[in-house]
Amino acid sequence: MKSTIRIIAFTLAIFTAKAFAQTPLTPKDTPASQVLAQLVKDHNADQKAFDVKRQQAMSTLDQSNKTLSDQVAAMQKALMDDLNKDKKYKPRIDQINGMQQKLQTNGANANQAFQRDVGPLQQRVLTEQSQIDGLLPVIRKENGFADNAVFDPATGKWSEPKK
């Protein structure tokens with residue numbers, strides 16, 4: 001999942017970087033350019049929805065783990081204090097291990113819930129990106145744009161390097 005997000009972010013960064021020092025182009029109103037415009041809208045909306053759901057999932061996980069994390073820290077401090085006093089630490093180590101296992105389980109459950117929730121959305125984002133990539137050469141050719149003409153998916157606009 002992280003690599004998919006990195007690929008999408010990298011692609012957007014390349015398009016954005018190329019958009020600087022560019023001359024705007026206006027494509028003809030063709031079926032391909034109409035589909036591209038709609039795909040860009042859908043892709044951007046789905047990407048935003050994906051980002052929101054990801055942030056919500058991370059926030060929920062952080063909230064659910066805060067109490068356990070605080071308890072583990074308190075127990076570890078108490079254990080260290082006891083270790084320094086009388087070495088009777090087995091029950092507390094067992095408690096800490098149990099809480100750490102709960103933290104791991106919470107993380108795994110949150111990840112599974114997130115994947116269930118965003119799986120279809122992530123698939124749509126990837127499909128839309130693939131379709132956008134496939135339409136770019138078609139629209140370049142239909143409009144007689146130079147091979148170095150660049151499409152910015154964030155704005156839905158074409159441009160080419162200034163001469």
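Numbers below:
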| quantity | calculated |
| --- | --- |
| Compactness of the chain - radius of gyration and Dmax, Cα, Å | 25.2, 83 |
| In Hz, Karplus ³J(HN,Hα) per residue of the stretch 103-120 (6.51, -1.76, 1.60; θ = phi - 60°; x = Gly, Pro) | 4, 5, 5, 4, x, 5, 5, 5, 5, 5, 5, 4, 4, 4, 6, 9, x, x |
| Above-threshold pairs, the threshold being 27 Å between Cα atoms, out of 48/157; 48/102; 48/162; 141/162; 41/66 | 48/102; 48/162; 41/66 |
| Normalised contact order of the chain, rounded percent, pairs of Cα under 8 Å and 6 or more residues apart | 49 percent |
| Rh (Kirkwood; distinct C-alpha pairs) - the stretch 80-130, Å | 14.2 Å |
| Amide proton proximity set for residue 150, modelled H, under 5 Å, gap of 5+ | 159, 160 |
| Neighbour-count order for 145, 151, fewest beta carbons within 10 angstrom listed first | 145, 151 |
| Dipole in debye (nearest 20) - the chain, about Cα centre, beta carbon charges: Lys, Arg +1; Asp, Glu -1 | 380 debye |
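Bear in mind that the values in this text are calculations on the coordinates, not laboratory data. Quick caveat, the model's predicted, so the values are computed rather than measured. Here the Cβ is made from the backbone with ideal geometry for all residues, glycine too, and neighbour counts use every protein chain on show.
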